[in-house]
Amino acid sequence: MIAVRGLRTRLMVAYALFFAIFLTGLAAVFRARLESTLNTQKQDKLTEEWASLKGGYLRIDTGPEGSPVKGQNGANWIYDKDDPDEKTEVLDIQKVFLITDRNGNVILDIDTGDRQVSSAYESIGIDPPQVVRQRVQEALQFQRTLKPGSPGKAFWSERRGSDGVRYLVRSGVFFDEGRFESTVHIPYYVSIGISLGDSDKTLAQFTWVYVAVIPGALILGSFLGWVMAGRALTPVRDIARAAQRISGSNLSLRIPTRETGDELDYLILTFNRMIDRLESSFQQMKQFSADVSHELRTPITGIRGQLEVALFTAQTTDQYREAMFNALQDIDRLSQIVRALLLLSQAESGQVILQKSRIDLCEVGSDLVDQFQIPAEAAGVRLSADLPEECFIEGDRVQIERMITNLLSNALKFTPEGGEVRLRLSAAPEFVEIVVEDTGRGIATEHLPHIFDRFYRVPGSGTAPGPEQGLGLGLSFVAWIVKAHHGKIEVQSTPGKGTRFIIQLPAPGVGSDSMELAGEPAVGG
Ligand code: ADP
């Protein structure tokens with residue numbers, strides 16, 4: 001649960017961060033665009049004002065009779081004072097303006113004698129004489145033809161007034177009209193500006209709105225993140241809950257898939273498969289404990305019965321001896337079972353270390369067939385061996401002998417008198433094949449998959465419970481030994497006709513070490 005909550009918080013933080021970064025980025029882009037649009041507007045406006053100034057509103061003329069600048073050059077504003085549009089336009093221009101001579105001295109109005117500089121322009125600072133001279137110089141170089149009205153070089157600058165307001169300023173050079181007829185044209189410095197205060201205010205408002213919106217967006221993002229992460233994680237929580245309900249006694253529970261085919265469904269499927277495997281292992285373990293206690297109970301009951309006979313009913317020495325003998329037989333079987341079980345569990349848990357060496361299987365096979373001749377003759381079964389000259393394998397001699405012994409003894413046990421049992425060996429480049437076949441009672445198809453299980457005996461195997469009955473562990477051993485030697489085992493059987501066990505073991509040098517731990521058996525067939 002803690003982990004799920006942690007994940008949810010992390011997802012929420014990720015959402016919120018994403019929102020914050022996204023919105024901040026968006027705000028930055030919008031602000032930049034807004035700023036550039038506002039700047040362009042101001043520039044256009046100033047360019048327009050400059051054009052109308054140049055186009056006729058302003059001329060530098062010689063002061064006529066009665067003018068405050070009589071005989072000198074002064075600014076001559078020419079516009080229709082009764083036309084509100086023209087008047088507004090000129091007044092707009094005159095809000096921020098400066099007209100000086102080529103040395104930076106402010107000139108006067110031809111009619112009123114007013115200094116041609118507005119107070120707003122004074123607040124941004126009258127251009128120093130050296131700047132004016134420099135600009136005039138540049139303009140003169142730029143302006144080859146000294147025609148009035150021809151475009152001059154424009155200087156753009158951005159300045160700040162004493163009140164902190166920013167101004168966009170455009171400066172340039174005009175030439176006087178009065179002496180146009182003469183060959184000398186005197187340059188004058190004209191500069192007009194426009195306040196950027198309202199643009200700045202708009203930008204500041206925009207910024208403040210954003211600053212106010214971003215925390216809101218963060219809260220919204222976090223909330224959305226929390227809700228969406230919660231929704232996405234609900235199935236995970238369901239899986240965890242279902243997993244908690246599953247216990248050793250409740251392994252049949254499965255988590256239903258949501259049929260969405262997504263990663264979580266895949267997780268559920270994987271989880272269910274794991275539970276399948278666990279269930280089957282649990283089942284095997286349960287079955288095994290039940291089998292073991294059952295197998296042990298039989299001889300223990302036998303021993304108890306014999307001891308009771310000895311204690312309560314036996315009177316003669318022979319009766320005592322017989323009871324003791326029977327009890328000993330049961331004890332033998334008991335220790336046989338315990339020994340076999342111990343060995344098998346050691347083998348299957350990898351505690352038995354195989355002592356592998358190069359062994360001649362033909363020699364082993366021939367020895368074993370010889371050993372089994374006497375019991376075979378006693379049972380009236382013909383036992384034969386079909387062996388090549390030699391066939392070597394890398395293996396643990398003791399275990400290989402145990403494997404063939406188990407198969408031969410089973411074959412003899414389940415083959416009636418007059419039958420036949422045969423051991424065949426053959427060598428191929430990649431493997432050596434061991435075949436044990438008999439003409440016995442065979443195994444019905446439905447039992448074939450189980451004969452390698454521990455304690456499995458085909459029902460009605462004929463051997464009555466007692467000392468002669470098999471333990472049902474022989475083939476489990478065989479399977480483990482084959483697996484430990486990296487081999488394969490297969491069984492073919494026809495009820496009433498016979499059984500054939502086919503084992504293939506890798507030929508020497510075909511993928512195995514000389515000494516290794518044996519794992520769990522895997523069986524084919
Ligand atoms: P057991 O010790 O009882 O023989 P195994 O594990 O060796 O146990 O064999 C399991 C069962 O497989 C036997 O009880 C028997 O029913 C069947 N079986 C094994 N080998 C043969 C065979 N050659 N012919 C018929 N049945 C066989």
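Just so you know, all these numbers are worked out from the coordinates, no wet-lab data involved. All values reported here derive from a predicted model rather than from experimental measurement. Cβ sites come from the backbone with ideal geometry, for glycine too, and all protein chains shown count toward neighbours.
On a full-extension model of 0.36 nm per residue, what is the gain between Leu448 and Arg10, subtracting their alpha-carbon distance, rounded to one decimal in nm?
152.1 nm
When the helices in the chain are scored as -39500 (n - 2.57) per DSSP H run of 4 or longer and the sum is shared across all residues, what 222 nm value do you end up with, to the nearest 500 deg cm²/dmol?
So the helix-based figure for the chain works out to -17500 deg cm²/dmol.
Please express the Cα-Cα pair-distance distribution P(r) of the stretch 172-283 as a list of whole percents, one per 10 Å bin, running from 0 to the bin with the greatest distance.
Going from the shortest bin to the longest, the percentages are 11, 18, 12, 10, 9, 9, 7, 6, 6, 6, 4, 2, 0.
Per-residue counts of other Cβ atoms within 10 Å, averaged by peptide: what ranking do you get for 160-167, 419-426, 286-293, highest first?
Going from most to least packed, we get 419-426, 160-167, 286-293.
So what is the relative contact order of the stretch 277-418, in percent, for Cα pairs below 8 Å that sit 6 or more residues apart?
Over the stretch 277-418, the number comes to 20 percent.
DSSP beta bridges in the chain, what fraction antiparallel, as a percent rounded to 5?
DSSP beta bridges in the chain are roughly 90 percent antiparallel.
Binned at 20 Å from 0, what are the whole-percent values of the Cα-Cα distance distribution for the chain, short to long?
So the P(r) values, bin by bin, are 15, 23, 14, 10, 10, 14, 11, 3, 0.
For each of Trp77, Trp156, count neighbouring Cβ atoms within 10 Å of the residue's Cβ, then give the residues from fewest to most.
Trp156, Trp77
With a 10 Å Cβ neighbour count serving as the proxy for reagent exposure, in which order, fewest first, do Cys362, Cys391 appear?
Cys362, Cys391
Excluding residues on the same chain fewer than 8 positions from Lys70, give the aspartates and glutamates whose Cα lies under 19 Å from its Cα.
List returned: Asp61, Asp101, Asp109, Asp111, Asp114, Asp176, Glu177, Glu181.
With charges only on Cβ, +1 for K and R and -1 for D and E, what is the dipole size of the stretch 1-120 about its Cα centre, in debye, rounded to 20?
Rounded to the nearest 20 debye, it is 1500 debye.
So if each residue of separation counts as 0.36 nm, and I subtract the Cα-Cα distance between Glu377 and Glu279, what length gain in nm does that give?
30.6 nm
List the pairs from Lys286/Lys488; Lys286/Lys356; Lys54/Lys201; Lys54/Lys87; Lys45/Lys95 whose alpha-carbon separation is above 25 Å, in the order I gave them.
Among Lys286/Lys488; Lys286/Lys356; Lys54/Lys201; Lys54/Lys87; Lys45/Lys95, the Cα-Cα distance tops 25 Å for Lys286/Lys488; Lys286/Lys356; Lys54/Lys201.
Could you give the length gained on full extension between Gln287 and Glu263, defined as 0.36 nm per residue of separation minus the Cα-Cα distance, in nm?
Extending this stretch completely gives an extra 5.1 nm.
Rg and Dmax of the stretch 383-493, Cα atoms, in Å?
Rg then Dmax for the stretch 383-493, in Å: 14.5, 45.
So what is the relative contact order of the chain, in percent, for Cα pairs below 8 Å that sit 6 or more residues apart?
10 percent.
Determine one quarter of the surface area of the Cα convex hull of the stretch 35-150, which equals its mean projected area, and express it in nm² to one decimal.
Approximately 8.8 nm², given one-decimal rounding.
How are the C-alpha pair distances of the stretch 324-429 spread across 5 Å bins, as whole percents from the shortest bin up?
Result, from short to long distances: 2, 11, 16, 17, 16, 18, 13, 5, 2, 1, 0, 0 percent.
Within the stretch 49-89, whose backbone N sits under 12 Å from a point 7 Å along Cα→Cβ of Thr112?
Inside the label zone: 77.
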